[in-house]
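What follows is one structure encoded as structure tokens, with my remarks underneath.
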Amino acid sequence: MSINRRTVVKAIATGGALIGASVLMPKIAFAAWSKDAFQAKEQTAAMNALFDSATPEESAEVTLKAPDIAENGAVVPVTVVSTLSGVESMSIFIEGNPSPLAAEFIIPAGTKADVSTRVRMGKSTKVTAVVKANGKLYSAAKEVKVTIGGCGG
């Protein structure tokens, strides 16, 4: 097999297109990012910015797992699971944080609605999970106590 200049240029052009696409992918991902919701200073304002003022209803089909007492507010494990069909997104709000919207996960169709992350909590407060499914909002909430100094007291 002989390699000529045309083959090399073609390979570089194809590789360049792939590299260019990978650079653009984060911009595509950020297109769905709700800047106003993440920058809101109150939970109500964040929810309004993210969900156009719709109010979620509590649902037994949304499960929020978080510790009753968090020894370290810098890394509080939170899991949200839903058995609802047609889940579009899952969001986690930390009511007492300076920016209450901690995370938003877009759930692709056909994907299991089960997300886990670690959030930062500055103080004891309510954690709320909001699941958007089939255009409606469902929620679950839990009070989490953050101990001072990580000593469990």
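The values are calculated or read from the model by the stated rules, or taken from the named source; none is laboratory data. Nothing here was measured: the structure is a model prediction, and the numbers come from that model. When we count neighbours, we look across all protein chains shown, and the Cβ atoms used for this are built from the backbone with ideal geometry, even at glycine.
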Problem set entry | Any hit, segment 91-100, residues being under 19 Å from ALA54 (Cα atoms) and small (Gly, Ala, Ser) | yes
Exercise. If you check LYS126 against the conditions, is it in contact (Cβ under 8 Å) with a residue 60 or more places away in the chain, of a type in the set (Lys, Arg) and either touching a helix residue (DSSP H, G or I) at 6+ places or on another chain (Cβ under 6 Å) or part of a strand (DSSP E or B) (or both)?
Worked result: no
Exercise. Across segment 52-73, what is the number of residues that are under 16 Å from SER124 (Cβ atoms) and among the polar types (S, T, N, Q)?
Worked result: 1
For this session: Name the one entry in ALA54, ALA17, ALA37, ALA45 that is over 14 Å from ALA141 (Cβ atoms), modelled with pLDDT under 90 and surrounded by 13 or more Cβ atoms within 10 Å (Cβ to Cβ).
Result: ALA54
Exercise. For the subset of segment 60-73 comprising residues that are assigned to a loop (DSSP other than H, G, I, E, B) and over 17 Å from the mean Cα position of the chain (by Cα), which member is surrounded by the most Cβ atoms within 10 Å (Cβ to Cβ)?
Worked result: GLY73
Exercise. Failed condition for ASN134, given (1) within 19 Å of PRO56 (Cβ to Cβ); (2) polar (S, T, N, Q); (3) in contact with a Lys or Arg (Cβ under 8 Å, 6 or more places away or on another chain), with all others met?
Worked result: (3)
Problem set entry | Answer residue from segment 74-108, given it is closer than 16 Å to LYS126 by Cα and out of contact with any strand residue (DSSP E or B) (no Cβ under 8 Å at 6 or more places or on another chain) and is surrounded by the fewest Cβ atoms within 10 Å (Cβ to Cβ) among those | PRO98
